[in-house]
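**Q** Quick one: structure below, then a few questions.
Any read-out appearing in this document is the output of simple, stated calculations on the displayed coordinates, not a laboratory observation. Please read these numbers as outputs of a predicted model, since none were measured by experiment. No Cβ is skipped: glycine too gets one built from the backbone with ideal geometry, and neighbour counts run over all protein chains shown.
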Amino acid sequence: MRRTTVLLVAVMIAVALVVVTNAVAPTPADAATSVVTKTFSNSQQITIPVGTSGAATPYPSEKNVSGFKQGTILDVDLTLKNYTHAFPDDVDVLLSKENSGVNRTVMSDVGGSFPVNNITLKLDDEATNGLLPDNGPLVGGRFKPTNVGSGDAFPAPAPAPDGRKALSGFDGLNPNGTWKLRVVDDFPPADGGQFAGGWSITIKARVQQ
């Protein structure tokens, strides 16, 4: 009986060691992936109309993203470069990824009636500066995407705006493909302006090695 008990304990210890080893050992899939961050820029100026409300030119502004091998998005940041406008409260910005069904109104109805002149805005869900001001003046820097109010309309061809603002909505998607930025002035008479430096998108993704 004693020998049987000792043998049983030995077997149980061996099983436990196998379970622990399997729990901590990295899987082949984990070992074959890495996290990379890349920035893609479209430096073409986006011109916001003067005199009549509506879509900016070009509409949309596009950027093709590639080079992520079997990539999965972990984080997206958007930079709007050299922004000038006499009445920024009228400006709405929609970011979408083609064929994904996902879009985000990343900036809308912010800044009130305070003119902006050649500022750069970095939109980042994790920004410590918080949201862009609704009625206060805009200053350059890093802020969370901000969509004040609801019911923003973007002229065709554009997807129906989701209305949500967080860039985390793109997490989990394949980063490769065409990204589109749509800018509109939604209240006449349009005051005119531009993103003189265009825009860029920074993507962190897990990829296959």
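**Q** Name the lysines eligible as straight-distance cross-link partners of Lys122: C-alpha to C-alpha under 20 Å, and not fewer than 8 places from it in the same chain.
**A** List returned: Lys38, Lys63, Lys81, Lys97, Lys144, Lys165, Lys180, Lys204.
**Q** Connecting C-alpha atoms closer than 10 Å in a GNM of the chain, tell me which of Ala196, Ala160, Ala55 has the biggest fluctuation.
**A** Result: Ala160 has the largest fluctuation of those listed.
**Q** Which whole-Hz couplings ³J(HN,Hα) result when phi for each residue of segment 82-99 is put into the Karplus expression 6.51 cos²θ - 1.76 cosθ + 1.60, θ = phi - 60°, listed in order with x for Gly and Pro?
**A** 6, 8, 9, 6, 7, 9, x, 4, 7, 9, 10, 10, 10, 10, 9, 10, 4, 6
**Q** Run lengths n ≥ 4 of DSSP H only: what is the helix-derived mean residue ellipticity at 222 nm for the chain, with -39500 (n - 2.57) per run over all residues, to the nearest 500?
**A** -4000 deg cm²/dmol
**Q** Could you work out which residue, out of Phe187, Phe87, Phe143, moves most in a Gaussian network model of the chain, that is, has the largest mean-square fluctuation with Cα springs under 10 Å?
**A** Phe187
**Q** Let me ask something additional. Rounded to whole Hz and in sequence order, give me ³J(HN,Hα) for segment 50-62 from the Karplus expression 6.51 cos²θ - 1.76 cosθ + 1.60, θ = phi - 60°, writing x for Gly and Pro.
**A** 10, x, 10, 6, x, 6, 6, 10, x, 9, x, 8, 10
**Q** Further question: Tell me the label-point distance for the pair Leu131, Phe187, using the 7 Å Cα-to-Cβ offset, in nm and rounded to one decimal.
**A** For Leu131 paired with Phe187, the spin-label model returns 1.7 nm.
**Q** I would also like to ask the following. Starting from the amide H of Val65, placed 1.01 Å from N in the peptide plane, find each other amide H under 5 Å away whose residue is 5 or more places distant or on another chain.
**A** Long-range HN contacts for Val65: Gly177, Thr178, Trp179.
**Q** Using the alpha-carbon atoms, what tilt in degrees (0 to 90, nearest 10) does helix 2-24 show relative to the longest principal axis of the chain?
**A** For helix 2-24, the angle is close to 20 degrees.
**Q** Okay, next question. Any idea what log10 I(q)/I(0) is at q = 0.24 Å⁻¹ for segment 113-209, Debye with uniform C-alpha scatterers and no solvent?
**A** Listed by q, the Debye log ratios stand at -1.83.
**Q** Compute the Rg to Rh ratio over the chain from the alpha carbon atoms, using the Kirkwood formula for Rh, and round to two decimal places.
**A** So for the chain, dividing Rg by the Kirkwood Rh gives 1.27.
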